[in-house]
Amino acid sequence: MKHDPLADMFSVLKNMEAIGRTECTVPASGTIKNVLQVIHQHRYIGAFELVDDGKGGTFRVKLIGKINDCGVIKPRFSVTKGGFIKWEKRYLPSSEKGILIVTTSKGVMDQHSASKAGAGGRLLGYVY
């Protein structure tokens, strides 16, 4: 039984990258779509598309071998617009490598975009 589709998505991405697959399927939802868009913008994954299987759908994701680690952040910590450095130190290997994925009032984005937009929010996950 799946309780956290976002955690399932990160788990599938990490495991399929680790065994060298070039494609995987992850559960579909609006939040997962937005997170995949952020990961795609930073070139950690290739293109992805929605596949309607009659049960809510899945995303078919092209993997390009750039993900070393990724995961969901639980609990969904609140972060202020100036508080990203603390969380980068906790979840990322360095400030130049990787992204934190944040949901803000302006949408789902990485920590750099959120800082530029002057928005805080809730942490969803990390990728590097």
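The values are calculated or read from the model by the stated rules, or taken from the named source; none is laboratory data. Keep in mind the model is a prediction, meaning the values are calculated, not measured. So basically every Cβ, Gly included, is an ideal-geometry build from the backbone, and we count neighbours across all protein chains shown.
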**Fill in**
Out of (1) touching a helix residue (DSSP H, G or I) at 6+ places or on another chain (Cβ under 8 Å); (2) of a type in the set (Gly, Ala, Ser); (3) more than 18 Å from Gly98 (Cβ to Cβ), the one Ala28 does not meet is (1)
**Message:** Being within 17 Å of the chain's Cα centre (by Cα) and basic (Lys, Arg) is the filter here; which residues of the range 36-89 pass it?
**Reply:** Arg43, Arg60, Lys62, Lys66, Lys74, Arg76
**Message:** Can you find, within the range 42-63, the residue that is surrounded by the fewest Cβ atoms within 10 Å (Cβ to Cβ) among those that are under 22 Å from Ser94 (Cβ atoms) and touching a residue at least 24 places away in the same chain (Cβ under 8 Å)?
**Reply:** His42
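Let's see how each residue does on (1) out of contact with any Lys or Arg (no Cβ under 6 Å at 6 or more places or on another chain); (2) under 12 Å from Val35 (Cα atoms):
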site: Ile85; (1), (2): yes, no
site: Glu88; (1), (2): yes, no
site: Gly98; (1), (2): yes, no
site: Val108; (1), (2): yes, yes
site: Arg122; (1), (2): no, no
site: Val127; (1), (2): yes, yes
**Request:** Among what's in the range 3-41 and is touching a residue at least 24 places away in the same chain (Cβ under 8 Å) and touching a Pro at 6+ places or on another chain (Cβ under 7 Å), pick the residue that is farthest from Arg76 (Cα to Cα).
**Result:** Pro27
**Request:** Could you grab me the full set of residues in the range 83-108 that are out of contact with any helix residue (DSSP H, G or I) (no Cβ under 8 Å at 6 or more places or on another chain), of a type in the set (A, V, I, L, M) and within 19 Å of Phe10 (Cα to Cα)?
**Result:** Leu92
**Asked** Of the residues that make up the range 96-109, is at least one farther than 24 Å from Pro5 by Cβ and not assigned by TED's automatic domain parsing to the domain that holds Gly20?
**Response** yes
**Complete:** Here the residues within the range 69-87 that are surrounded by 12 or more Cβ atoms within 10 Å (Cβ to Cβ) and touching a residue at least 40 places away in the same chain (Cβ under 8 Å) are Asp69, Cys70, Gly71, Val72, Ile73, Lys74, Arg76, Phe77, Val79
